[in-house]
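First up is the structure itself, then whatever we jot down about it.
The values are calculated or read from the model by the stated rules, or taken from the named source; none is laboratory data. Note that the coordinates shown come from a computational prediction; the quantities given were computed from them, not determined experimentally. Don't worry about glycine lacking a Cβ; one is built from the backbone with ideal geometry, like all the others, and counts go over all protein chains shown. Accessible surface is based on the protein model in full, side chains and every heavy atom, while ligands, DNA and RNA are left aside. Shrake-Rupley method; radii C 1.70, N 1.55, O 1.52, S 1.80 Å.
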Amino acid sequence: MAATHSWLVSERPAPNSRRRLRRFGWIIVLVVGVGLFESVRQALLNTGNPNFVPSLILLGAGVMPATFVAFLYALRLPYTASTGMLATVAVIGGVIGIVVAGLLEYKTLLRLDTLPMLAVGLIEETSKLIVPVIVLIAVRRLRNGADGLLLGVAAGAGFAALETMGYAFVVLIQSGGNLSAVDGVLLLRGLLSPAAHMAWTGLTGAAIGAAFAAGWTRRSILICIVAFAFAVGLHTTWDTLATTKAFIVLAAIAMIALAWTTHLLSRSARRRAATTSLAGIPASGPA
């Protein structure tokens with residue numbers, strides 16, 4: 001009986017296995033995603049079958065955004081959002097964001113004849129926030145800076161992937177089916193997406209989530225305004241300059257800002273945990 005009990009215990013998952021999976025899940029997403037993309041690409045090159053093209057574009061546009069969301073999800077921050085919630089926000093937020101942005105940009109273009117880059121940045125940064133804000137309003141437990149950051153990045157990931165798919169399709173048509181040109185678009189936009197749409201929306205999402213947690217004090221509202229203006233400014237500069245050197249500099253600025261934001265959120269979480277522990281209340285964290 002004792003031997004049987006020992007065998008049953010040994011077969012149980014290790015207590016930290018779930019945490020380890022979450023911590024290194026982004027590597028799995030990246031390796032599997034790149035493997036699937038390359039397998040589809042080779043099948044397309046070997047057969048010339050155009051039916052593989054949609055799968056190629058979908059995987060090429062989605063692997064890096066999905067990897068970056070998984071990477072942020074692995075950080076030691078007090079997230080409460082589930083993977084299902086993030087996937088839902090990425091898909092619905094991306095679709096709604098790109099549709100609303102496209103319609104508003106089209107109507108603005110009709111009225112003004114030209115569409116200033118500032119208007120593009122303002123419209124797109126606002127459109128990407130629609131679903132994250134709705135989720136924060138509807139789900140009380142997500143009203144904090146960490147979940148706001150994650151929801152914003154997820155919505156930005158969906159938006160970036162769909163936009164990349166559109167650019168890749170246009171390049172495919174304009175180049176007469178040149179796969180090298182499509183690969184270039186997918187690679188460039190895939191590598192830049194974490195430091196562009198995802199970082200910009202994540203920064204604003206973190207500020208909004210923190211404002212919900214703080215009860216919308218004057219200070220938290222001011223931080224939201226500054227974060228949104230910063231995101232719009234980066235977006236506008238990105239679209240206006242549109243050079244490799246500018247992309248590198250702006251990407252570095254966005255990633256530094258995102259890293260600093262995650263540092264502040266992590267430090268705040270540690271302080272709350274220490275305060276709770278001193279008060280004799282068991283601290284809880286993400287599984």
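Given the condition within 28 Å of ARG41 (Cβ to Cβ), open to solvent by less than 40 Å² (accessible area, probe 1.4 Å) and at pLDDT 95 or above, answer yes or no: does some residue in the stretch 118-141 qualify? Within the stretch 118-141, none of the residues are within 28 Å of ARG41 (Cβ to Cβ), open to solvent by less than 40 Å² (accessible area, probe 1.4 Å) and at pLDDT 95 or above.
Hey, can you tell me all the residues within the stretch 145-177 that are over 21 Å from ASP239 (Cα atoms) and in contact with a Phe, Trp or Tyr (Cβ under 8 Å, 6 or more places away or on another chain)? The answer is ALA146, ASP147, GLY148, LEU150. THR275 meets all of the listed conditions (1) modelled with pLDDT under 85; (2) in a helix (DSSP H, G or I); (3) surrounded by 13 or more Cβ atoms within 10 Å (Cβ to Cβ) but one, namely (3).
Right, ALA207: buried (at least 20 other Cβ atoms within 10 Å of the Cβ) and part of a helix (DSSP H, G or I) or not? So ALA207 passes the test. Given the criteria at pLDDT 95 or above, within 28 Å of ALA157 (Cα to Cα), open to solvent by 80 Å² or more (accessible area, probe 1.4 Å) and aliphatic (A, V, I, L, M), does LEU30 qualify? Criteria not met by LEU30. Exactly one residue among ALA66, ALA101 is modelled with pLDDT of 95 or more, part of a helix (DSSP H, G or I), within 14 Å of the chain's Cα centre (by Cα) and under 26 Å from VAL135 (Cα atoms), and that residue is ALA66. Of all residues in the stretch 238-268, those that are buried (at least 17 other Cβ atoms within 10 Å of the Cβ) and either at pLDDT 95 or above or under 19 Å from THR201 (Cβ atoms) (or both) total 10. The set of residues in the stretch 33-61 that are among the β-branched types (Val, Ile, Thr) and either open to solvent by less than 70 Å² (accessible area, probe 1.4 Å) or touching a His at 6+ places or on another chain (Cβ under 9 Å) (or both) comprises VAL40, VAL53, ILE57. Every condition in (1) more than 23 Å from LEU45 (Cα to Cα); (2) open to solvent by 50 Å² or more (accessible area, probe 1.4 Å); (3) over 21 Å from the mean Cα position of the chain (by Cα) is met by ILE223 except one, and the failing one is (3).
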